[in-house]
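The values are calculated or read from the model by the stated rules, or taken from the named source; none is laboratory data. These numbers were taken from a predicted model, which means no experiment stands behind them. Here the Cβ is made from the backbone with ideal geometry for all residues, glycine too, and neighbour counts use every protein chain on show. In case anyone asks, the SASA skips ligands and DNA or RNA and just uses the protein heavy atoms, side chains included. Shrake-Rupley method; radii C 1.70, N 1.55, O 1.52, S 1.80 Å.
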Amino acid sequence: MNFDLTDEQELLRDTAREVFSRTYDIETRNKIVDSELGWSRDVWRQLAEIGILGLGFEPEESGQIEIMVVMTELGRRLAPEPVATAALIPGGLIADLGSDEQRALLDEVAEGEKLLALAHSEKGLRGLDELSTRATKDNDSWTITGRKNPVLAGGSADVLVVTASLPDGGVGVFLVDAAATTRRPYRTFDGHRGAEIDFTDAPAQQLGDGDSSERIHAALIRYSSALCAEAVGAMDESLRLTTEYLNARKQFGVPLKTFQTLTQRAADMYVSLELARSMNYYAAMCITDGRLDPVVAARSKMQIGRSGRHISQESIQMHGGIGVTAEYPIAHYAARLTAIDQTLGSATDQLRFLCKQVGAYGVVQL
């Protein structure tokens, strides 16, 4: 099987890497993350100019592999721009379900003029059947009532893509003007931004007709794959920084790399990274082939979570005290990897889901 990228995908990867590398060292990132917005609109405009904010909106032009390539480079530099949460994932739902008039919004998203946010998560939510947010229909008009939290990038979004229970059962997807809601933005522990959003009879437009549960599940699987790609980029850079430190740092007059135990631990980190990278490729290629399988998504997310935890802990341990300082990047990579693990269910949550699927397997007789 050929795992090589096409020439166009390599160009996209190199362009994204150049933009993020040129913009972000740890000092610049910390300064931007500490700003009120938490990310750079200048970088956002650059991403729009090179077409990154519209990836996946036209499946015949770009898809999950292109998203994977960009998100890996974003994770490598810890770029705080909400590329997936404010553009690609909610935009993909609009592209999938929206009318021609609603899809016109995607042009403004791709050009960096409008920001989206997916308002799906709720406190204690474990499945679409448990949504407490309700949609109400009056003649041809819809309103939304409920609370969503966390809504990543919700504080800066112009339009919210909201999931809500329908009056006759099932789950619908709606567009809501962010100005018609009550938002309480906050900073997450990894430096990103989220918001708690209240909807009180907020006017809404439905995307598609009837129950959209399958389309929502598909969007969450694509989101999971994007998170996996970002995590692989972060793990790759964490390992690079750690091996670089082992080569440069001396103890007892010799480099740390001369101590066999440390090199063995670094080798174990490399194994974890390659396991994660393989599952990341597998998840993205399945989506590209039209196989939006929750079991594949869970397997990938579980391995990413386990590898991220291992690499984060070992990176900090082998750096020592400097590894937990704000001026050095390792702890920031660990924080982001922890946040990714907790988004859409941790590795433990994925394991619980996979255990429930065992009964559906056939019996193997020797």
Seminar exercise, completed: Computed over the chain, the relative contact order (Cα-Cα under 8 Å, seq sep at least six) in percent reads 15
Seminar exercise, completed: Here the FRET efficiency for S121 versus I26, based on Cβ atoms and R0 = 22 Å and rounded to 0.05, is 0.15
Exercise. Of the heavy-atom accessible surface of region 186-265 (probe 1.4 angstrom), what whole percent is carbon and sulfur?
Worked result: 50
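Counting only C-alpha contacts under 8 Å and six or more residues apart, can you give the relative contact order of region 1-89 as a whole percent?
Details: 61 pairs, mean separation 36.4, N = 89.
Rounded, it is 41 percent for region 1-89.
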Problem set entry | Cα-based Lys pair tally, the chain, threshold under 25 Å, eight or more apart or on separate chains | 9
Problem set entry | Two-decimal ratio, region 1-149, of alpha-carbon radius of gyration to 2.2 N^0.38 Å | 1.20
For this session: Roll a 1.4 angstrom probe over the protein heavy atoms and tell me the percent of accessible area of region 106-173 that is carbon or sulfur.
Result: 40
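Can you tell me the accessible area per residue over region 1-74, all protein chains present, probe 1.4 angstrom, in square angstrom?
On the way: 4030 Å² over 74 residues.
Value returned for region 1-74: 55 Å² of accessible area per residue.
If you rank K114, K148, K137, K356 by how much accessible surface each has, with a 1.4 Å probe, what is the order from largest down?
On the way: K114 60, K148 0, K137 110, K356 160 Å².
Listed by decreasing accessible area, they come as K356, K137, K114, K148.
Considering only protein heavy atoms, what per residue accessible area in square angstrom results for region 76-119 with a 1.4 angstrom probe?
Working: 1360 Å² over 44 residues.
With all protein chains present, region 76-119 gives 31 Å² per residue.
For the chain, which DSSP H helices look membrane-span-like by this rule: Cα extent along the axis of 15 Å or more and mean Kyte-Doolittle of at least 0.0?
On the way: long enough: 7-23 (24 Å, -1.19); 64-76 (18 Å, 0.68); 213-248 (52 Å, 0.11); 260-288 (42 Å, 0.11); 294-319 (37 Å, -0.54); 330-342 (18 Å, 0.25).
Result, helices passing both filters: 64-76, 213-248, 260-288, 330-342.
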For this session: For region 109-180, state the semi-axes of the equivalent ellipsoid (square roots of 5 times the eigenvalues of the alpha-carbon gyration tensor), sorted largest first and rounded to whole angstrom.
Result: 21, 16, 9
Exercise. What's the long-distance tail for the chain, i.e. % of Cα pairs beyond 36 Å?
Worked result: 22
